[in-house]
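To keep things clear, I will list the structure first and then write my remarks on it.
The values are calculated or read from the model by the stated rules, or taken from the named source; none is laboratory data. Quantities reported herein were computed from a predicted structural model and do not represent experimental measurements. Cβ: placed from backbone, ideal geometry, glycine included. Neighbour counts: every protein chain shown. SASA here: full protein model, heavy atoms, side chains in, ligands and nucleic acids out. Shrake-Rupley method; radii C 1.70, N 1.55, O 1.52, S 1.80 Å.
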Amino acid sequence: MHMGVNVPNFGPGTDPGVLRDWARITEGLGFDLLMVSDHVVVTPDVAERYPEPFYEPFTTLSWLAGTTTTVRLGTTVLILPYRSPLLVARMTANLNRLSGGRLVLGVGAGWARQEFDALGVPFDARGRLTDECLATLRDAWRTEAEDGAAPIPLWVGGHSAAALRRTAAFGDAWHPLRLTLDRMRAVLAKHSLPAFAPRIALRLTTTPVDDPERPAGVGTIEQVLDDLHQLRLLGADTVVLDPYHGDPEETRRPHTAWRALTEVATHWRTAS
C-alpha cells in the first residue's frame, strides 16, 4: 500500500520556502505521493478554512516537480467546473510529461457557492459540467497515450451517489475524504469500484479516542496504525494523510505536522 501526504498550499504560514520544505520532507520520509488542494477565488466561504495566500495547484505542482525527483504529485481535489475541460486536459497532460509521468489527478464537483458565483459558473450545473470535463479528459488523454505519454491516474473524490457513479464510469479509484472506517467499509461492500485511495485525517493523540464517529487517522499512534492496516485489508492502493485540521494558524506551525508524519512513517515501515 502506497502512502501520500496532503500538503497545505494555503494559509498565513505558507510561502515558497515552506512549500519546498514540505516537498523535501515528504519525499525524504519515503512517502509516495504529495497532493495539494484547489481554489481559484478565495471568497468568504473558502477563506474561512483556506485563506490567502492560496497557491494555484497546477502552478505549485509544476514548481515542486522541479524540486523533487521521485514523489508523485497530485490534486485532492481539483474542482473540474472551474476551468475549461480542454484547458484542464492540456495542463494535466503537460504537467504529467514535464514531471516524468508523476501526476495523479484527484477531482471533485465543488462546494463553495460564492466561488462559483465569482467565476460565473452556475452552481447548480456543477454535476453536469464535471461529467462533461471527465469525458473530455478521457478522450484527450487517450490521444496522449497513443503518443507514448504515461497514463494519468484519475481519482474521483466524494461519497455522494453522483461521486460513486462518476468513479465507476470514469475513475481509476474512489477517493473519499476524511470518512470513518465503517462508512468506507459500507460503501465498498455495496458498490463495485475500480480501486480505493482514501484521504484520511492525521491527528495523533496521547490517549485513545473512543468516539464511535472517530475519523480514520485520528487517535494514538496505535489507533492510526490499525486504521492503516484496516484500510490495506479493504484494498486501499494508496492512503493520503491529511495533517490539516481546519485552523489556518496551523500553517504557521508545520513542524507539528512534520513530527506526526515522521512518527507514522517510522512506525509503519516497522509494522509492515
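Things worth noting here:
- Of residues in the stretch 130-151 being outside any helix (DSSP H, G or I) and surrounded by 13 or more Cβ atoms within 10 Å (Cβ to Cβ), the one modelled with the highest pLDDT: Pro151
- Verdict on Asp21 being touching a strand residue (DSSP E or B) at 6+ places or on another chain (Cβ under 6 Å) and of a type in the set (Asp, Glu): no
- Matching residues in the stretch 116-155 - criterion: being under 23 Å from Leu177 (Cβ atoms) and polar (S, T, N, Q): Thr130
- Residue list for the stretch 1-48, filter: among the hydroxyl-bearing types (Ser, Thr, Tyr) and under 19 Å from the mean Cα position of the chain (by Cα): Thr14, Thr26, Ser37
- From the options Thr14, Thr68, residue that is in contact (Cβ under 8 Å) with a residue 12 or more places away in the chain, touching an Asp or Glu at 6+ places or on another chain (Cβ under 7 Å) and not aromatic (Phe, Trp, Tyr): Thr68
- Checking Thr206 against (1) polar (S, T, N, Q); (2) touching a residue at least 40 places away in the same chain (Cβ under 8 Å); (3) over 23 Å from Pro153 (Cβ atoms), the condition it does not meet: (2)
- Just one residue in the set Arg199, Arg165, Arg178, Arg185 is open to solvent by less than 50 Å² (accessible area, probe 1.4 Å), among the charged types (D, E, K, R) and within 20 Å of the chain's Cα centre (by Cα); that residue is Arg199.
- Scan of the stretch 27-52 for residues that are open to solvent by 60 Å² or more (accessible area, probe 1.4 Å) and in contact with a helix residue (DSSP H, G or I) (Cβ under 7 Å, 6 or more places away or on another chain), ordered by number: Val40, Pro44
- Options Ala173, Ala189: the member that is out of contact with any strand residue (DSSP E or B) (no Cβ under 9 Å at 6 or more places or on another chain) and either small (Gly, Ala, Ser) or assigned by the TED database to the domain that holds Arg126 (or both): Ala189
- Qualifying residue in the stretch 204-211 (condition: crowded, with 17+ Cβ neighbours inside 10 Å and modelled with pLDDT of 95 or more): yes
- Residue match in the stretch 56-70 (condition: of a type outside the set (S, T, N, Q) and touching a Phe, Trp or Tyr at 6+ places or on another chain (Cβ under 8 Å)): no
- Residue count, the stretch 33-63 (criterion: out of contact with any Lys or Arg (no Cβ under 6 Å at 6 or more places or on another chain) and either touching a residue at least 60 places away in the same chain (Cβ under 8 Å) or farther than 18 Å from Gly101 by Cα (or both)): 21
Per-residue answers, yes or no, for (1) within 16 Å of the chain's Cα centre (by Cα); (2) open to solvent by less than 10 Å² (accessible area, probe 1.4 Å):
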residue: Phe54; (1), (2): yes, no
residue: Gly66; (1), (2): no, no
residue: Leu73; (1), (2): yes, yes
residue: Gly100; (1), (2): no, no
residue: Gln114; (1), (2): no, no
residue: Arg128; (1), (2): no, no
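- Checked against (1) over 21 Å from the mean Cα position of the chain (by Cα); (2) closer than 24 Å to Asn94 by Cβ, Pro153 passes all but condition (1).
- A residue that is among the hydrophobic types (A, V, I, L, M, F, W, C) and assigned to a loop (DSSP other than H, G, I, E, B) can be found somewhere in the stretch 209-220.
- Figure legend. Inter-residue proximity from the stretch 112-129: first residues touching a residue at least 60 places away in the same chain (Cβ under 8 Å) and within 17 Å of Val77 (Cβ to Cβ), second residues assigned to a helix (DSSP H, G or I) and among the charged types (D, E, K, R), beta-carbon distance below 6 Å, spacing 6+ or different chains. Indicated pairs: Ala112/Asp45.
- Index of the failed condition, Glu27 passing every other in (1) part of a helix (DSSP H, G or I); (2) within 23 Å of Gly157 (Cβ to Cβ); (3) in contact (Cβ under 8 Å) with a residue 12 or more places away in the chain: (2)
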